[in-house]
Amino acid sequence: MSGSPPLVEAYDLEKVYPDGTVAVRGVSFRAGRGLTIFMGPNGSGKTTTLSITAGALRPTSGRVLVCGYDVWGRDWSRPRSCIGYAPQAMPFREKLSVIENLTWYGLIRGLPPWESRRRARWLLEQLGLEGLERKKVSELSGGQRRRLTIAASLIGDPEVLILDEPTSGLDPKARASLWSLLRRVAGDKAIIASTHIPDEAEGADYVYIFHRGRVVAEGAPGELIGRYVRYSRVIVKGSGLEVAPTMEWARLVEAGWDRAVYVTEDPEEALPRLVERLLKLGARIERVEVRKPGLAEVFLAVTGEAPEGGA
Ligand SMILES: Nc1ncnc2c1ncn2[C@@H]1O[C@H](COP(=O)(O)OP(=O)(O)O)[C@@H](O)[C@H]1O
Ligand SMILES: [Mg+2]
């Protein structure tokens, strides 16, 4: 979370579904302006937490305040008018056009028709969807539909934007451009978004790591990496690498004839020594990559499990 006062504060959320599944327990978080990401594998409780926060799913216990109002308290509409929510599969009327769908979302947010249409047009432009106004939603590509989903969540100009896996189903390049688009369009709103891909969470201002219904770590990405991971990974590719030895200053974690993987605290220092050593032992080296630790390594360090979709 950045320095500004939090627009969203959640305390000790718990959700037990009717079948007895405990989806979330003891989850607390805060989000101010900027991008806050919930990162975690499938089933870790991200969607449950987001939909409680958005006012779409009642928690079993706990409290969440948005724009200072209790989302599940008596003052029902005030926090909700402050929130734009895009569930993972935003319901659109598939046979109707892009502009009709978007305008309709504006109307149900309480905008007058002309204002709704004006804002819908503006958002389509902002999201690079101009020219698609008359297209049926069913005819959009995956990336276009994702951008329309974001437009729909922004139509009421909410202070808080809640987006569940906004990049799911997109290829890596489209994902990266969606995050930067999102930041640009959302300006200084508070955005809370989820992803199961650690690389994507590295672009956030603040990250909550979810694991089995709990938040197991939180912080700015750099902070988390610094706190939990001391090692970089050095990947050596070539042949004859089965001779690769482990050393005090570079620990061998994986070795095959065409690939050896080391972890080391100081890759700049270790790299030349490592190459020299391997060449002396008769290995042929084609390529050496240093992988800086990221949130995938943080997830591994904190949970002992590899994240899905990790690097
Ligand atoms: N409607 C439901 N009824 C019962 N269990 C559910 C329901 N929705 C989600 N769950 C379970 O709750 C846990 C958390 O799910 P979810 O919040 O969707 O996690 P994520 O979004 O991180 O994948 C999972 O074990 C999931 O199977
Ligand atoms: Mg989910």
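Every number here is computed from the coordinates shown, using simple stated rules; none is lab data. Everything numeric in this text was worked out from a predicted model, so none of it was measured. Virtual Cβ from ideal backbone geometry, glycine too; neighbours counted across all protein chains shown.
Descriptive notes on the structure:
- Zero-based 5 Å bins, Cα pair distances in the stretch 178-218, whole percents: 5, 19, 32, 22, 12, 8, 2
- Cross-link pairs LYS173/LYS292; LYS46/LYS173; LYS15/LYS136; LYS173/LYS280 - those with Cα-Cα distance over 32 Å: LYS15/LYS136; LYS173/LYS280
- Normalised by the number of residues in the chain, the mean separation of alpha-carbon contacts (under 8 Å, six or more apart) gives a relative contact order of 19 percent.
- Calculated [θ] (222 nm, deg cm²/dmol) that DSSP helices of n ≥ 4 give over the chain, each run adding -39,500 (n - 2.57): -9500 deg cm²/dmol
- Computed over the Cα atoms of the stretch 53-202, the ratio of the radius of gyration to the Kirkwood radius (Rg/Rh) comes to 0.97.
- Extent of the chain along its three principal axes (Cα atoms, max minus min coordinate, largest first): 76, 45, 39 Å.
- Share antiparallel - DSSP beta bridges, the stretch 122-242, percent rounded to 5: 55 percent
- Alpha-carbon Debye profile of the stretch 65-144, log10 I(q)/I(0) at 0.15, 0.19 Å⁻¹: -0.63, -0.89
- Annotation for the stretch 59-122: trypsin sites (Lys or Arg not before Pro) lying in DSSP loop with at most 13 further Cβ atoms inside 10 Å of their Cβ are ARG74, ARG93, LYS95.
- The region of the chain that goes longest without hitting one of the chymotrypsin sites (Phe, Trp or Tyr not before Pro) in a DSSP loop, each with at most 14 other Cβ atoms within 10 Å, is 77-248.
- Neighbourhood net charge (13 Å Cβ-Cβ; Lys/Arg +1, Asp/Glu -1) for TRP76: +2
- Neighbour counts of C-beta atoms inside 10 Å place ARG230, ARG147 in the sequence ARG230, ARG147, starting with the fewest.
- Each listed q (0.20, 0.22, 0.29, 0.30 Å⁻¹) maps to a log10 I(q)/I(0) for the stretch 231-292, found by the Debye formula over equal Cα scatterers with no solvent: -0.62, -0.76, -1.39, -1.48.
- Within a Gaussian network of the chain (alpha carbon springs, distance under 10 Å), most fluctuating of LEU278, LEU35, LEU182: LEU278
- Look at ILE285, ILE191 and count the other Cβ atoms within 10 Å of each Cβ; fewest to most, that gives ILE285, ILE191.
- When the stretch 169-239 is reduced to its Cα atoms, the Kirkwood hydrodynamic radius in Å: 14.4 Å
- Cα Rg over Rh - the stretch 161-311, Kirkwood: 1.07
- Descending semi-axes in Å of the stretch 1-113, equivalent ellipsoid built from Cα gyration tensor: 26, 19, 15
- Of the residues LEU107, LEU50, LEU161, the one that moves most in a GNM of the chain with alpha-carbon contacts below 10 Å is LEU107.
- Cβ-placed point charges (K, R +1; D, E -1), dipole of the stretch 160-311 about Cα centre in debye, nearest 20: 220 debye
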